[in-house]
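All remarks here apply to the structure that follows.
The values are calculated or read from the model by the stated rules, or taken from the named source; none is laboratory data. The model shown is predicted, which means the values in this text are computed figures rather than measured ones. Cβ sites come from the backbone with ideal geometry, for glycine too, and all protein chains shown count toward neighbours.
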Amino acid sequence: MPPEPPDSDRPNPWGAGESGAAGPTSPRTVVTAEGDKAAAAEQFNCPNCGGSIEIKAAGYTVTVACQYCGSTLDVTDPDVRIIQRYEEEVRKLDLPLGSRGKLRGIEWEVIGYMRRSENGTYPWDEYLLFNPYYGYRFLDTDGRGWTLGRQLTEMPAKNGLLGFTVDGEFYEPFYAQTRNQVDFVLGEFYWQVQVGEEALTADYVRPGKMLSWESSKHETEWTLGELLEPNEVPDAFGVEPLTGGGLPLPHQPSPYKKQSGQMMKIAGLAAAAIILFAIMFGGTSDPETTRVNLATNGVEQSAKIGPIELTRPRQAVTVSARAPGIDNAWIDLAYTLTDRDTGDVYEASNVVEHYSGYDAEGNWTEGSRSSSSKFSMVPAGTYDLTVDAAGSQWLEGQYAATRNAVVEVSIARGATFYSNIILALIVVFVPAIWVWIRHLSFESRRKSDSDFAGDDDDDD
């Protein structure tokens, strides 16, 4: 795709009411080889089949492929010389030549079509669009989506070993240098084009855009393409939407990225609120403590704490136990919280234990010398806490001689239910994480088609 021709200051040959544009912001100038203003359109008969051909962009067009027989003609020759005879049946196009449609606020006319491929594989369609005020654009598709491209007048800036920058935006490499060819051509073009013509191409992408490099025996050029929304071309030209399928397009943005980012932000705010709520309304206050002296021979002993006044209609209670001096021993604990007035009973059990030793891997320890039990939604009232404790000693797998142990038991108003906090955080983050996983899966599928897949990781 060669550089665009000069601009034109001629009137809009489509009529002021048809183009949909209020008027040119920078008039485009096109002159013929003799220096005169080009006519809006010219007609001649195809020297191969006799069909009547109208040149839409007279003064621009260099070659035209007959819409009736497909022969490629040189319209710069006064006698309209046949460059290439093409007798096959003319392809039925998704966008017929001469059809008009408005894309991104500008009305374009389809004047040319090429079918291109990589030596017969991975084909794609390329339409040449024209507007007398805005020049040319390229509308490409491989059946998965439409890309509207424009020729760059300046070479992109090199960024790193492989990437390029255009207008401050970075484009990473996607398809390495590949040779492609023209398989079919129809309509008019502002450069000489024919079936079998070859060029080297390479592509660079960023979400929503593709930067394409192309080099032929005549010249080298860069094209910047913008991915269109699925309904834009069908709405503009009145054609059926593409069926799509297969892998995502190289420059197709992840449909989950924005959603996952928003959900992560919401989940973060919700998590902060949960933690703040736990700090403000969790924790304990007004502890009362008792000590139980035990002989670690398995004999149960009891102790009582009370009275304990609970003034709130419903509140949590935490009972903690600590035995700092035990080693290779455990203490079984049973708690009974009894309402003095009603006789209602709330029960819980726990254990404190600690073991240590030495083996082939060195010193080891196991267990914890402290534990806590929590009662939730205890009604207001006056309570007594009964503690039943039994200690046992262990040494090299056998019960040892009786030893003494001291366990401190405390009861306090309030509690922090860490398991509930963790569960709430999981519930908050699971939807966001699920959408984020779908985004990563989409990106993995998109990049799997790249010639540089595996060279870098997703940096989102």
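Can you report the number of residues in the range 187-211 which are surrounded by fewer than 23 Cβ atoms within 10 Å (Cβ to Cβ), under 38 Å from the mean Cα position of the chain (by Cα) and under 23 Å from N131 (Cβ atoms)? Going through the range 187-211 one residue at a time, the tally reaches 2.
Within the range 280-300, the set of residues being more than 30 Å from Q393 (Cα to Cα), among the acidic types (D, E) and surrounded by 13 or more Cβ atoms within 10 Å (Cβ to Cβ) is empty.
The listed residues are F170, F138, F130, and the only one of them that is under 15 Å from D203 (Cα atoms) and of a type in the set (A, V, I, L, M, F, W, C) turns out to be F170. Please verify whether the range 90-111 includes one or more residues that are more than 23 Å from E229 (Cα to Cα), in contact with a Gly (Cβ under 6 Å, 6 or more places away or on another chain) and either among the acidic types (D, E) or assigned by TED's automatic domain parsing to the domain that holds V185 (or both). Yes, the range 90-111 contains at least one residue that is more than 23 Å from E229 (Cα to Cα), in contact with a Gly (Cβ under 6 Å, 6 or more places away or on another chain) and either among the acidic types (D, E) or assigned by TED's automatic domain parsing to the domain that holds V185 (or both).
All of T338, T311, T342 fail the test of being hydroxyl-bearing (S, T, Y) and crowded, with 17+ Cβ neighbours inside 10 Å, apart from T338.
Looking only at the range 345-369, count every residue that is surrounded by 11 or more Cβ atoms within 10 Å (Cβ to Cβ) and in contact with a Ser or Thr (Cβ under 6 Å, 6 or more places away or on another chain) and tell me the total.
6
Evaluation of R144 against the conditions (1) buried (at least 17 other Cβ atoms within 10 Å of the Cβ); (2) within 28 Å of the chain's Cα centre (by Cα); (3) assigned to a strand (DSSP E or B) shows that the sole unmet condition is (3).
The strands (runs of 3 or more DSSP E) falling completely within the range 187-271 that include 2 or more residues that are touching a strand residue (DSSP E or B) at 6+ places or on another chain (Cβ under 9 Å) and free of Cβ contacts under 8 Å to residues at least 40 places away in the same chain map to 198-206, 209-215.
Of the residues making up the range 164-181, those that are touching a residue at least 40 places away in the same chain (Cβ under 8 Å) and surrounded by fewer than 18 Cβ atoms within 10 Å (Cβ to Cβ) number 5. Only residues that are under 26 Å from Y171 (Cα atoms) and crowded, with 17+ Cβ neighbours inside 10 Å were counted in the range 254-279, giving 4. Against the criterion of being at pLDDT 90 or above and touching an Asp or Glu at 6+ places or on another chain (Cβ under 8 Å), P255 does not qualify. Look at L224 and say whether it is loosely packed, with under 15 Cβ neighbours inside 10 Å, in the same structural domain as E118 (by TED's automatic domain parsing), among the aliphatic types (A, V, I, L, M) and out of contact with any helix residue (DSSP H, G or I) (no Cβ under 7 Å at 6 or more places or on another chain). The answer is no for L224. Hey, any hits in the range 126-138 for a residue that's assigned to a strand (DSSP E or B) and touching a helix residue (DSSP H, G or I) at 6+ places or on another chain (Cβ under 9 Å)? Among the residues of the range 126-138, not one is assigned to a strand (DSSP E or B) and touching a helix residue (DSSP H, G or I) at 6+ places or on another chain (Cβ under 9 Å), which makes the answer no.
Quick grid of which residues meet (1) buried (at least 16 other Cβ atoms within 10 Å of the Cβ); (2) part of a strand (DSSP E or B); (3) modelled with pLDDT of 90 or more:
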residue: A380; (1), (2), (3): no, yes, yes
residue: D384; (1), (2), (3): no, yes, yes
residue: S419; (1), (2), (3): no, no, no
residue: A424; (1), (2), (3): yes, no, yes
residue: V430; (1), (2), (3): no, no, yes
residue: R445; (1), (2), (3): no, no, yes
residue: D455; (1), (2), (3): no, no, no
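When G160 is tested against (1) among the small types (G, A, S); (2) modelled with pLDDT under 90; (3) surrounded by 17 or more Cβ atoms within 10 Å (Cβ to Cβ), only condition (3) is not met.
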